[in-house]
Amino acid sequence: MTTSWRRLLSAALTATVPAVLAAQQATTVSGVVRSDASTPLNGASVSIPGLQVGGVTNADGRYTFTVPANRASGTVTLSVRRLGYTPQTATVTLGRGPVTQDFTLVQSASQLTGVVVTALSQQREKQTIGTSQQQIGGEELTRVKTPSLVSAMSGKVSGVQIAQSGNIGGTTRIVIRGQGSIRGENQPLFIVDGIPISNRDFSTASAGGGRDYGSAIQDINPDDIASITVLKGPNAAALYGSRASNGAVVITTKTGRNAAAGTRITLTSRYMADNMSIFPSYQNQYGQGFGGEFQYVDGAGSGVNDGADESWGPKLDGRPIDQFSGKAQPWVAHPDNVKQYFDVGRTVSNNVNASASGQNMGARLSVTRDDINGIVPNSRLGRTAASLNGSGQIRKLNLNGSLNYTTSNGNRPENGYTEGNPWMTFTWFGRQVDVAGLKNKYYNTADNPYGLPDGSLYNWNDNYHRNPYWQVYENTAPDTRERVIGQLSAQYEFAPWLRGTLRGGSDSYRNTADEHFAKGNIDRANASYNGAFTSNTLRARETNFEAILTAQKSVSMFDVTLTGGGNKRRNDGFADGYSTRGILVAGIYNLANAGITPTFTNSEAHSAVNSAYGSAVITTHKVWTVEVTGRNDWSSTLPKENASYFYPSVSSSLILSDLVPALQEHTPISFLKLRGGWAQVGADASPYQLQTVYNGSSNKFGGLALYSLDNSSANAALKPERTFGTEGGLELSLFNDRVTFDGTYYLKRTRDQIIPLTISPATGFSSTVINAGQITNRGIEAMLTVKPIDRGNLHWSTTFNWTRNRNRVDELAPGLSTIVIASQWQANIEARVGQPYGILYGFGWQRDSATGKILTVDGLPQQDKNKKILGDVNPDWVGGWANEIRYKRLTLNTLLDVRKGGKNFSIGNWWGMYAGILESTLKGREIDWNKPGLVVDGIDASTHQPNTTVVTAEDYGHNLYPTHEPAIFNTGFVKLREVQLSWNAPQRFARRVYASELNIGLVGRNLLTWTNFPNYDPENATNAGNGGQGFDMGAMPTTRSIGFNISVTP
């Protein structure tokens, strides 16, 4: 009996031991995460929040992690999150062997968790990041065809202000968290697949003329972009170096690696019809002339006011008056004469892309062709973009390479105050002119009724203007640009926790801009010759090589990531140009035909920066993360003693909802994170500011070259600019991500500004460059996403973003109170101590000290001879409201773009009021040109009594110049920026057109604008530079576009 009992006990213990051992062993959890399109999802975060363990999916959508033995028991909740997708959970049981759990995620607008591409193009779980970042998916950039990817970002990112141009292929300006540098760069750094690229502004547009050739970032094709991550401010971009002190925009291009296995070809066609979104309100009661009188003889002053280019002439009542089109012609208005001049623009875009994906490899080839006809006659732009991306894995070695090639050619109108700009032409105009009569007739014939020379130019005015059709068809400006961006990277896994990366890349372009001026061109050709021409070529190349070593390991309760690396960058730039104001034979635009000695320009610039950097990221219990970074740059553009500069950063994030699980269990809170950070970033100088240089001249002296000393005295003691950034933020999700909020308060301060300073001519120089001054930006940025409806076949997501920034020029150099950034017609945009960067400073009206009313003399307002602050070009706040409604296979997307406040010196309105063309100039001439007149609401300067003197509308309009105050207007607006209604066809329908997938969409852009800014587009700006905002002379309005998209996969 005893023996039997012992045997039974021994058998029971033997059977129990394996079960106990199994319970004490670690449990492996693995699976695959796919999208609702059945494609693997890379970068999804899978975890067990209650145990604070988890992992991230790879390129094949696979994840795996291990639960320690001491916690591997019982039933737990497995959670998966990825940016842009609705989180999911599953219940699994631990302690019974390996666990396999797959997930299929549905797209969503959630922005708080998942994996994002961050500094150095590394992937990080967003919940561990202590600084503000925002990611945009590639599909958001291509819903509606836009001029550039920056335009496509407008209204979609908090903390970002974007200014756009209506010029065909025109410049765009993007500023993150306010302008920090007085004379330096204020736009962010752009990164493509880990390689910094140029966003040079090619525009030559200014107050006096020039053309808008666009920004370099337009060469990046949105069809090839997988995602964009906006790193806001110096905190998020500290590892990218000095050029990222204004933040960084990190672009990741599409690859074939994450696509479904096999080969996939997609064809996409887009068509857009473009019209002006805003058009001036013209008056149609008075025609050309002065004082109610006009009669044409030669358009140059021989008749009665026929040299005038204003509309203060006789009433348009049908009386017979001699005009340029013939004698005794009916004197009538042509209400649509300006509108009829402009064409309906057209944009046709076709893209074909092919991707191939297999085990451990992928490739993608994409080609896009854009053909754009602008709203200005004979304006056009063609662009071809090709992209090739390939990646593969050979055991522990991952290889990735991409190549982007873009070529474009165009013909663009002039900007600014020049006859080549049609907006300037129609600002000084006769409202009786039949523009259609100028379309097919450029030259007078011998039988003209005024005896004008045979072959002379035919136009309504010969004093100041030319036929606007002749101007754009006979004065062409061909431009071309070629660009190549390439990168190759290799990553080797030395151990499961250690990997090294080598990356090299190059960005190079060649931009050529020619201008041809026919005989008779008023502004750009000598009247004694048969025309003129200019030609300018810009070439640039940037190369980057870097090595990065990353160690990533979990040790007990800590997840540690250590990164160290170095970068070697070189920039080379070349500029060549030549021009002449006179050629001998009309129509031959080359140097051999120059009648006036050509002027030549030639310059080049070279610079280099070597860098070393490192970071440490430590996460405790997957709840609290601390990140420390440091970077040291050695710049060739600074003196040796200041060439080396170090800048650190520190940030932290705390996931309160995981630290205190009761928040999720007993409150509506699904996710709650606090974050904050501090950073310092330096910025070096432009090349060749350390030693005074000699400038060469194209002229010769006795056959010898001529050189002159530059007028700017160099500063061999320059230091780098320093930007200090601090931020704190909150990320919150409620009701299982039905409501998400991301808010940040930030402070950015830039010191040791590199600024020019005027010095005494007695020194032999006119200026020097010094370190001085400080600008502070502080503000709030917030994004709120709500999903009011999310059930069955109906889903509605709405997102609001809002940004309020306040900046201030704290100090400049000793004795210096202001720096003029830009100037037009004596009005300045300035950086003035104690004021925001970008105030408008100019002449206003004299005002009565007691009442504040305008002082008048002889009934007319009087200019105050002392300039004053007239406004601030910066908005009070900017925001956006995006909506997505999905019902079955239909999707509706809308976007409102909002700007509140900001001022503009509207030169178009200023001269339009002066010239009598605008509807507002009818006040005081409702009966006749001089009746009933108007009485200015003011105080008579001599009697100090209310003004009672009646003046004509013409005298009042002419009295506006040169006072700027009456042309200062608020630039606030609300724009219906984007609308798209798309239908994803069922397969049975797609098969009828021999396709596996078919998507059709109706799209619109800039469909409606609500604004108090009169007559012109409040987004108008001279160019994308620091001083380009705040003036609107002659820029094209943004276009209202309506069209469709078709995407087919065979």
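Coordinate-derived values only; no laboratory data. Note that the structure is predicted; figures quoted are calculated from it, not measured. Cβ placement follows ideal geometry from the backbone for every residue including glycine, while neighbour counts extend to all protein chains displayed.
Here each label is just a point 7 Å from Cα along the line to Cβ, and for residue 62 and residue 928 those points are 9.3 nm apart.
Here's the picture: charge each Lys and Arg Cβ at +1 and each Asp and Glu Cβ at -1 in the chain, and of 1039, 448, 669 the one pushed furthest to the positive end of that dipole is 669. Note on residue 403 and residue 793: their simple-model spin labels are 4.8 nm apart, each label 7 Å out from Cα toward Cβ.
For the set 232/748; 868/923; 787/975; 254/888; 553/622, the pairs lying more than 18 angstrom apart at their alpha carbons are 868/923; 787/975; 254/888.
Annotation: lysines with alpha-carbon distance below 26 angstrom to residue 519 (same-chain offsets under eight excluded): 439, 441. Net length available on complete extension from residue 384 to residue 297 is 26.3 nm, with 0.36 nm assigned per residue and the Cα-Cα distance removed.
For the chain, DSSP calls about 95 percent of its internal beta bridges antiparallel.
For the pair residue 762 and residue 890, label points projected 7 Å from Cα toward Cβ lie 8.0 nm apart. Sorting 789, 522, 375 by the number of Cβ atoms found within 10 Å of their own Cβ, with the fewest placed first, yields 789, 522, 375. With θ taken as phi - 60° and the Karplus curve 6.51 cos²θ - 1.76 cosθ + 1.60 applied, the whole-hertz 3J(HN,Hα) list for the stretch 145-158 is 5, 10, x, 7, 5, 5, 4, 5, 7, 4, x, 10, 10, 6 Hz, x standing for glycine and proline.
Residue-wise HN-Hα couplings along the stretch 220-233, as the Karplus relation 6.51 cos²θ - 1.76 cosθ + 1.60 with θ = phi - 60° gives them from phi, are 7, 7, x, 5, 9, 9, 7, 6, 10, 10, 9, 8, 8, x Hz; Gly and Pro carry x.
Helix-only estimate, please: 222 nm mean residue ellipticity of the chain, summing -39500 (n - 2.57) across DSSP H runs of length 4 or more and dividing by its residues, to the nearest 500.
-2000 deg cm²/dmol
What the Cβ-Cβ distance of residue 549 and residue 436 gives, at R0 = 56 Å and to the nearest 0.05, is a FRET efficiency of 0.20.
For the chain, the longest principal axis of the alpha carbon atoms and the long axis of helix 2-24 meet at an angle near 10°.
Taking R0 as 35 Å, what FRET efficiency do you get between residue 644 and residue 621 from their Cβ-Cβ distance, rounded to the nearest 0.05?
Working: r = 39 Å, r/R0 = 1.11.
Calculated transfer efficiency: 0.35.
Extension gain, residue 919 to residue 592, is 112.7 nm, computed as 0.36 nm per intervening residue step minus the present C-alpha separation. Positive end of the dipole of the chain (Cβ unit charges, origin at the Cα centre): among 815, 535, 885, the Cα lying farthest that way belongs to 885. Residues of the stretch 872-912 with the amide nitrogen closer than 19 Å to a label point 7 Å from the Cα of residue 987, along Cα-to-Cβ, please. Within reach of a label on residue 987: 888-890.
Among 254, 867, 396, which comes first, second and so on when ranked by fewest other beta-carbon atoms within 10 Å? Let's see the in-between values first.
Numbers: 254 21, 867 15, 396 12.
Fewest-to-most Cβ neighbours within 10 Å comes out as 396, 867, 254.
Using the average count of surrounding beta-carbon atoms within 10 Å as a protection proxy, the listed peptides 452-461, 940-949 rank, highest first, as 452-461, 940-949.
Give me the dipole magnitude in Debye, nearest 20, for the chain about the Cα centre, with unit charges on the beta carbon: positive for Lys and Arg, negative for Asp and Glu. Walk me through the numbers on the way to the answer.
Values: 94 positive and 83 negative charges, 926 e Å.
Using only the charged Cβ atoms, the result is roughly 4440 debye.
Here's how it looks for residue 457: its modeled amide H is under 5 Å from those of 444, which are all 5 or more places away or on a different chain. Here the 3J(HN,Hα) profile of the stretch 625-638, calculated from phi with Karplus coefficients 6.51, -1.76 and 1.60 at θ = phi - 60°, is 10, 10, 10, 10, 10, x, 9, 10, 10, 10, 9, 6, 8, 10 Hz, Gly and Pro shown as x.
So for each of 384-395, 437-448 I average, over its residues, the number of other beta carbons within 10 Å; can you give me the resulting order with the highest mean first? Could you put the intermediate results ahead of the total?
Numbers: 384-395: 17.4, 437-448: 14.2.
Per-residue mean Cβ counts within 10 Å order the peptides as 384-395, 437-448.
Starting from the Cα-Cα distance between residue 600 and residue 772, subtract it from 0.36 nm times their residue separation and give me the gain in nm to one decimal. Don't jump to the answer; show the numbers that get you there.
Numbers: separation 172, 0.36 × 172 = 61.92 nm, distance 3.56 nm.
Residue separation times 0.36 nm, minus the Cα-Cα distance, leaves 58.4 nm.
The order of the peptides 350-361, 915-926, 145-156 by mean Cβ neighbours within 10 Å, most packed first, is 145-156, 915-926, 350-361. A Förster distance of 51 Å, applied to the separation of the beta-carbon atoms of residue 961 and residue 707, puts the FRET efficiency at 0.75.
Positive-end ranking of 103, 56, 75 along the dipole of the stretch 24-107, with charges on Cβ about the Cα centre, is headed by 75.
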